[in-house]
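Notes follow once the structure below has been shown.
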Amino acid sequence: MFKRFLFINTLVFFLFIAGCTQVTPVKSLHANLDSVTHEEATQLWQTPAPLTAPNGLRPCCAFGYDLKVKAFEIPIPFYRIDNVVEASALGNHRYNDSFWLGTGAVLGLGSEQSGVIYTHKGGFLDIAHIRDTADYTYYLFSHIYPKLGQEWTLTLSDELAQRKIHFNAFTPPKNELERYTLSAYLAAHLGYRLAVWHEIAQWYGFRSVPGFSEGISAFSPEDLYSNLIGARLSLTLILKGHATSLEQYNQSMQGIIPSALYQLEAQPRQLTQQWFDVIDGQWWDSQQRVPDKFLVLMRDYHISDQRYPVLPFEEITPPHYLTLPSAYSGYVLEQLAEFQLWPTKEMENLPYPKTYWSEADFTDLTEKAREIDNKTRPKTTKID
């Protein structure tokens, strides 16, 4: 009886989601993609009550298009993952606070569209990564601003390790606009660090779905530049008063993502596919199946928030340099809070730390991943 009840309710839910596919027109917002941003709040905007943490991450996209798939080492015939989206058809944005909405996205239900798009100035971009880091930045801001200057610890869901952010006690700015701006900068700083850890955790064995390896996605060349864009977009919305409520934030994200993509010279679906064809056999192997790790041949182990995108050798447009602020009004952001990764009973291949891993350890963990991948990945002509 319970199973029947669960099935009926699940079916009703997905029918509801399927019926909510209409895209609501919203106002276009200008994305500030200056390489170095000096944005500040010009007034004290209304802020949301502390938000519920995003429910995991959106199902992100393996690098490539028209991808073949296998399950338990058995090829699935006649099934392909399309993966490619266009800047003009990304649908509504929905703050990721629901497991069911994420599941609906996997099944192609709902109006939020995520996938990969090619841009001349930013290379391949993953819209799910942009959305995820934007959401986490907004989430963190809602918790940081009311407690700025206090010592406290925020505990997040586990990703191999137990994720904690310890905020140090300090005297915040007396000027309330500076307090607001500093809170937004710190949220973007930490939101990006969460994205870096996710790449590391994927490489060391983290699985969102038990039994399904995510090693294919770890340090994929489009990931962290996309995450950086997401942090910057959320920062702009917070500081410009376009995120005073969750509803307004969702609408504003829908309005600002296309602006960022057009500034980076986003290409239509057919040209994104053509760029994937150009680097087939160099950056990815179209003959492999998801979730084979070395379907992805090129990886970007550079984890800084001051970065250029990774562009194909054939791209002639200069890459767009993008950064996050490291300090504001005399405050060094990394001194205000520490991202900590405490050991759990499910560490997979992640070594156990003496106490906990911190951001200072990220480089060593990443370099170990690079060394092992360089020894085990297939050799290709243009990246060796």
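The values are calculated or read from the model by the stated rules, or taken from the named source; none is laboratory data. For clarity, every value in this text was computed on a predicted model and none was experimentally measured. In this analysis, Cβ positions are derived from the backbone assuming ideal geometry, glycine residues included, and neighbour counts consider all displayed protein chains. Please note that ligands, DNA and RNA were not included when accessible areas were found on the heavy atoms of the full protein model with its side chains. Shrake-Rupley method; radii C 1.70, N 1.55, O 1.52, S 1.80 Å.
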Only one of the values [x] 1.09; [y] 0.95; [z] 1.03 was calculated from this structure for Rg/Rh (Cα atoms, Kirkwood Rh); name its label. [y]
For Asn374 and Thr244, compute 0.36 nm times the residue count separating them, minus their Cα-Cα distance, and round to one decimal in nm. 42.2 nm
Rounded percent of accessible protein surface that carbon and sulfur make up, the chain, 1.4 Å probe: 55
Give me the extension gain from Lys70 to His30: residue separation times 0.36 nm, minus the current Cα-Cα distance, reported in nm with one decimal. 10.3 nm
Ignoring everything except DSSP H segments at least 4 long, calculate the 222 nm mean residue ellipticity for the chain; use -39,500 (n - 2.57) per segment, divide by total residues, nearest 500. -11500 deg cm²/dmol
Applying a 10 Å radius around every beta-carbon, put 225-236, 331-342, 290-301, 179-190 in order of their mean neighbour count, most first. 225-236, 179-190, 290-301, 331-342
So what's the projected area for the stretch 186-315, the Cα convex hull averaged over all directions, in nm²? 9.5
Using the heavy atoms of the protein chains and a 1.4 angstrom probe, tell me the accessible area per residue for the chain in square angstrom. 46
Percentage relative contact order, the chain, counting C-alpha pairs under 8 Å, at least six apart: 25
Helix by helix through the chain, keep the DSSP H runs that span 18 Å or more along the axis on Cα and average at least 1.0 on Kyte-Doolittle, and give those back in order. 2-18, 223-239
So, how do all the Cα-to-Cα distances of the stretch 260-351 break down into 5 Å bins, in percent, from 0 on up? 3, 9, 12, 15, 16, 14, 11, 12, 8, 2, 0
Quick one: net charge of Ser326's neighbours, Cβ under 11 Å, K/R +1, D/E -1? -2
Placing each pseudo-label 7 Å from Cα in the direction of the beta carbon, Phe294 and Asp82 end up separated by a distance in nanometres of 3.2
Contour excess over end-to-end distance, with Cα ends at Tyr352 and Gln43 and 0.36 nm allotted per residue: 106.7 nm
